[in-house]
There are 2 protein chains.
Amino acid sequence: MNSMKLRVKDMDIATGDIQIVILNEKDAHELDLHPMDRLVVKKGSRSTIAILDIAESKKAVPPGHVGFFEETLDAINAKNGDIVHLDIAEKPESVVYIKRKLDGFRLTEKELATIVNDIVGNKLTDIELTSFVIATYTRGMHRSEIIALTKAMANSGEKLTFGKYPVVDFHSIGGVPGNRTTMLVVPILVAAGCIVPKTSSRAITSPAGTADTMEVLAPVSLPISKLKKIINEVGGFMVWGGAVNLAPADDKIIRIEHPLSIDAEGQMLASIMAKKYCVGATHLLMEIPIGPGSKVADKHKAKHLARHFGELGNALGIKMKTLITDGSQPIGNGIGPVLEARDVIWALKCSGCAPQDLVNKSIWMAGILLEFAGKAKKGKGEATARRLLTTGAAFGAMTRMVEAQGGKIPDPEKLAPAKHSYILEARKSGTIKSIDNLIIAKAARLAGAPIDPDAGIYLVKHTGETIKKGEPILTIHARSKHKIDYAIKTINEHAVIIG
Amino acid sequence: MNSMKLRVKDMDIATGDIQIVILNEKDAHELDLHPMDRLVVKKGSRSTIAILDIAESKKAVPPGHVGFFEETLDAINAKNGDIVHLDIAEKPESVVYIKRKLDGFRLTEKELATIVNDIVGNKLTDIELTSFVIATYTRGMHRSEIIALTKAMANSGEKLTFGKYPVVDFHSIGGVPGNRTTMLVVPILVAAGCIVPKTSSRAITSPAGTADTMEVLAPVSLPISKLKKIINEVGGFMVWGGAVNLAPADDKIIRIEHPLSIDAEGQMLASIMAKKYCVGATHLLMEIPIGPGSKVADKHKAKHLARHFGELGNALGIKMKTLITDGSQPIGNGIGPVLEARDVIWALKCSGCAPQDLVNKSIWMAGILLEFAGKAKKGKGEATARRLLTTGAAFGAMTRMVEAQGGKIPDPEKLAPAKHSYILEARKSGTIKSIDNLIIAKAARLAGAPIDPDAGIYLVKHTGETIKKGEPILTIHARSKHKIDYAIKTINEHAVIIG
């Protein structure tokens with residue numbers, strides 16, 4: 001088959017990710033093309049790889065035309081009626097390397113870079129991409145492969161470079177509801193003169209990610225040119241990583257891991273560290289919370305991860321500290337974007353309403369980073385951090401960041417939770433023995449968080465506190481009675497244990 | 001989401017395998033459904049699992065309607081305008097077991113049966129199915145898993161049972177062009193009174209499969225009721241396995257293995273043996289040809305496979321012999337369906353035109369099976385087989401089989417190859433040192449085989465024969481000059497080496 005000219009028909013259908021084109025069966029037959037063949041589609045200088053489906057009637061796609069799904073239109077910026085060129089796609093070079101990994105060979109830097117570029121360029125089918133992800137999971141990855149994968153992922157997308165020092169970053173492996181320390185640690189560091197280009201994720205299975213909570217205060221999807229300007233003027237930002245196109249292979253790999261709930265260690269290390277490398281971090285604090293329901297279940301696993309993060313940071317020239325923390329219960333009171341944002345502002349304003357567990361954990365971590373980045377003397381980090389918070393310096397830094405991103409810090413009293421609510425009361429007096437992260441997170445999601453930002457849960461009591469029969473343990477907030485009911489059903493007898 | 005009633009719109013689009021349904025974005029939004037969600041679609045008592053795409057306009061799919069691709073229509077026998085029910089599909093139970101295999105656990109008989117049933121029921125996405133296939137490839141399979149997988153594959157499709165004895169079967173691992181021994185061995189066995197329910201494959205990457213060659217003589221896609229009748233009346237048949245729905249998980253697994261050219265040993269053993277188990281074989285001869293270009297490269301690997309086949313046969317109650325043969329050059333003269341069929345008929349008619357290598361190999365293997373099945377005394381098998389061939393008894397059996405399948409044996413002189421031809425002549429005198437299976441197979445395919453059944457290659461000389469400069473080595477046959485040229489380009493200096 002030689003390159004073939006065809007007219008685009010917009011099918012008005014979206015797959016969510018996979019790029020599809022459709023030929024009439026007559027054209028397909030003449031070109032000896034079959035369903036699932038992989039084609040290169042070109043318009044001008046743009047091209048993409050798409051999978052072929054076949055139209056069995058002229059009505060679906062007439063001969064001489066090629067039906068485009070939305071993802072294919074977007075990829076080459078085509079529209080209905082455009083003329084495009086079609087060719088059979090060569091099997092991507094990376095398929096040979098994926099096969100090598102399947103067969104237990106160690107991949108080279110060049111081979112991993114080729115695979116990552118083919119992933120980012122949408123050149124691999126689900127079968128090929130899954131084979132790669134599963135092979136790295138079942139075969140494991142050698143240290144040299146993880147370093148190469150990290151660099152390849154970093155090089156496959158945008159990079160932020162500021163030419164300033166120290167560039168401080170902070171990452172939590174996650175899994176603990178309400179753990180919004182980032183939104184206090186970042187302003188403290190910025191107030192101390194650190195450069196803090198913080199990119200965060202949105203919630204996937206949790207009631208709020210840092211990006212969702214920050215979005216209550218300011219836009220979080222900003223162009224890179226704007227981010228550079230903010231760093232120069234303010235010293236830090238907090239934005240959604242998904243809008244920055246850092247290490248874009250990551251999302252495509254996560255889509256494969258998600259259905260089987262696998263979290264291939266090599267991939268996870270590489271995807272986190274690639275993003276830190278892309279923002280030019282010089283100093284990085286990695287928090288690994290442990291406890292039932294958080295992502296890392298025990299201290300042994302946490303130490304193993306900490307060692308690997310350290311080695312990888314070393315190889316990438318990033319100074320690193322890892323911190324294993326208690327992830328056994330939610331941190332802070334609010335769970336859900338608006339409720340968490342309110343906690344954060346109360347804390348920055350040193351209000352009596354601020355959850356002290358969140359404040360203290362944030363000061364502790366900010367203190368470590370201040371010493372690490374040379375902004376506080378050894379042993380004085382925590383005191384420096386506390387002073388930056390209590391003097392209002394951190395609140396000032398937050399105000400400048402929020403305004404630079406195009407937002408405005410509201411009066412926390414005006415950050416009202418969703419109007420329907422339900423108070424869960426203690427059925428007996430005693431001490432709170434445990435609060436189940438997974439159940440609380442699930443209930444907050446059923447109440448509507450993060451899609452309804454003002455929905456969620458407000459914890460009145462924490463583990464270790466005493467409570468009397470009939471006193472409130474927590475409040476559920478939602479936009480409808482219906483969603484309240486869903487959330488209530490989930491809060492069973494294991495959610496909060498009083499002993 | 002509760003079950004939702006929608007009206008089917010036939011989209012007239014085929015994916016080749018994956019089942020797709022499309023909802024208007026308005027309906028999808030109301031039901032909180034997203035692209036790639038997995039849905040159960042029901043019509044009456046039939047149901048299937050399909051993947052959701054989203055229509056972005058009323059033109060593609062109006063609200064209240066659900067767009068069906070061809071594979072989904074076929075799966076539940078629906079047509080345009082039908083009312084169907086949609087539900088969110090629960091994640092299939094087998095996903096948990098696939099995860100267990102990924103994590104290195106040994107799967108039980110029940111777990112493997114669940115996976116195979118979900119594969120056959122189209123309940124797994126490409127990501128999940130690929131994860132399973134790759135996990136069995138990289139982790140390997142324990143003997144108990146291979147036995148369980150074989151039984152599960154056999155139980156997931158149709159079974160042929162005849163209540164007769166001995167039921168003799170024969171299988172070649174393949175990879176050798178022209179190796180059409182099956183079409184001589186089967187009639188010899190039938191002539192000797194064996195029951196021979198032979199299912200074969202079509203060519204995937206070769207110029208002809210046994211099913212393609214048999215189809216030159218008779219229809220090869222027959223219903224099971226007809227096959228039972230033929231066994232009762234004639235004692236044997238040779239049909240295309242794909243039409244019988246034996247071990248239907250196999251094709252779905254092969255589709256995953258194909259892009260990465262993997263041939264997971266456990267899967268391969270299970271898929272071959274499941275089909276033999278399904279036809280009720282009591283005696284099975286397994287041929288493993290070795291040599292460069294054939295599927296098994298060396299004797300060590302062949303012996304390893306032979307041992308595993310033996311163990312599996314033992315566990316399934318099938319008496320087995322394995323035979324490691326020379327796969328270093330093509331067997332027979334014709335390569336391509338018509339040319340191979342002509343060789344076979346010449347051989348059955350004991351014509352001087354019959355390729356003696358094919359005749360001798362077939363008699364040797366038929367002899368082994370005759371002794372094995374108790375139809376010849378020890379040491380007398382080969383002589384018995386030769387007598388059944390030379391007396392015309394095998395030709396009679398073939399005639400009865402072909403006619404029972406609805407065909408007729410033509411005069412071999414009328415089996416004309418495609419009209420365009422090219423004779424490859426020796427560029428020097430000498431002895432033929434080697435003939436390259438892969439190059440010959442590729443050239444025959446480029447000439448048009450098996451899609452043009454009369455296209456292919458006819459070998460005039462074999463390895464070890466002497467040849468004079470200018471004498472013909474082989475003839476290429478094709479339906480167009482164009483295809484001849486393609487084939488000639490492939491026959492390079494390594495195809496036939498004269499020393």
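Points to keep in mind about this one:
- Integer Hz, Karplus 6.51/-1.76/1.60 couplings in order for region A:354-361, x for Gly and Pro: 5, x, 5, 5, 5, 4, 5, 5
- Coupling constants for region A:405-410 follow from the phi torsions by the Karplus curve (6.51 cos²θ - 1.76 cosθ + 1.60, θ = phi - 60°), and in residue order they are 7, x, x, 8, 7, x Hz; glycine and proline get x.
- Cut-off under 5 Å, modelled amide H: who pairs with A:I88 long-range: A:V40
- Mean projected area in nm² (Cα convex hull; one quarter of hull surface) for region A:37-87: 3.5 nm²
- Ordering B:258-271, A:427-440 by mean Cβ neighbour count within 10 Å, with the highest value first, yields B:258-271, A:427-440.
- Position B:E425, label points 7 Å along Cα→Cβ, spacing to each other copy in nm (shortest first, one decimal): 10.7
- Listed residue (B:F105, B:P187, B:I119) projecting farthest to the positive dipole end of region B:65-212, Cβ model: B:P187
- Reach of B:K469 by Cα under 24 Å, taken over lysines that are not fewer than 8 positions away in the same chain: B:K428, B:K433, B:K461, B:K489
- What separates the A:A393 label point from its copies, with the point 7 Å along Cα to Cβ, is 10.4 nm, written shortest first.
- Theoretical ellipticity at 222 nm over chain B - DSSP helices of four or more residues, -39500 (n - 2.57) apiece, nearest 500: -12000 deg cm²/dmol
- Neighbourhood net charge (15 Å Cβ-Cβ; Lys/Arg +1, Asp/Glu -1) for B:M398: 0
- Over chain A, the fraction of Cα-Cα pairs per 20 Å bin, rounded to whole percents and listed from the shortest bin up, is 21, 48, 27, 4.
- Region B:4-25 and region A:386-454 have their alpha-carbon centroids 43 Å apart.
- Percentage of interatomic Cα-Cα distances in region A:417-498 larger than 21 Å: 23 percent
- Cα-only radius of gyration and Dmax that characterise the protein assembly as shown, units Å: 34.0, 109
- Separation of alpha-carbon centers, region B:267-327 and region B:83-152, rounded to whole Å: 24 Å
- 3J(HN,Hα) along region A:51-61: 9, 8, 10, 10, 8, 9, 9, 5, 5, 5, 8 Hz, from the Karplus curve 6.51 cos²θ - 1.76 cosθ + 1.60 with θ = phi - 60°, whole Hz, x for Gly and Pro.
- Label-point distances for A:N80 to the equivalent site in the other copies, using a point 7 angstrom along Cα→C-beta, read 2.0 nm when ranked shortest first.
- Sequence-distant residues sharing a close amide H with A:V296 (under 5 Å, placed H): A:G291
- Shielding score for B:94-102, defined as the mean number of other chain Cβ atoms within 10 Å: 2
- Estimated FRET transfer efficiency (A:T466, A:K380; beta-carbon r; R0 35 Å; 0.05): 0.50
- For B:G236, residues with placed amide H under 5 Å, excluding near neighbours: B:V196
- Environment charge at B:A60 (Cβ cut-off 15 Å; Lys +1, Arg +1, Asp -1, Glu -1): -4
We did not get these values from a lab; they are worked out from the coordinates using the rules stated. Keep in mind it's a predicted model, so treat the numbers as computed, not measured. Cβ coordinates were reconstructed from backbone atoms using ideal geometry, including for glycine residues, and neighbour counts include every protein chain displayed.
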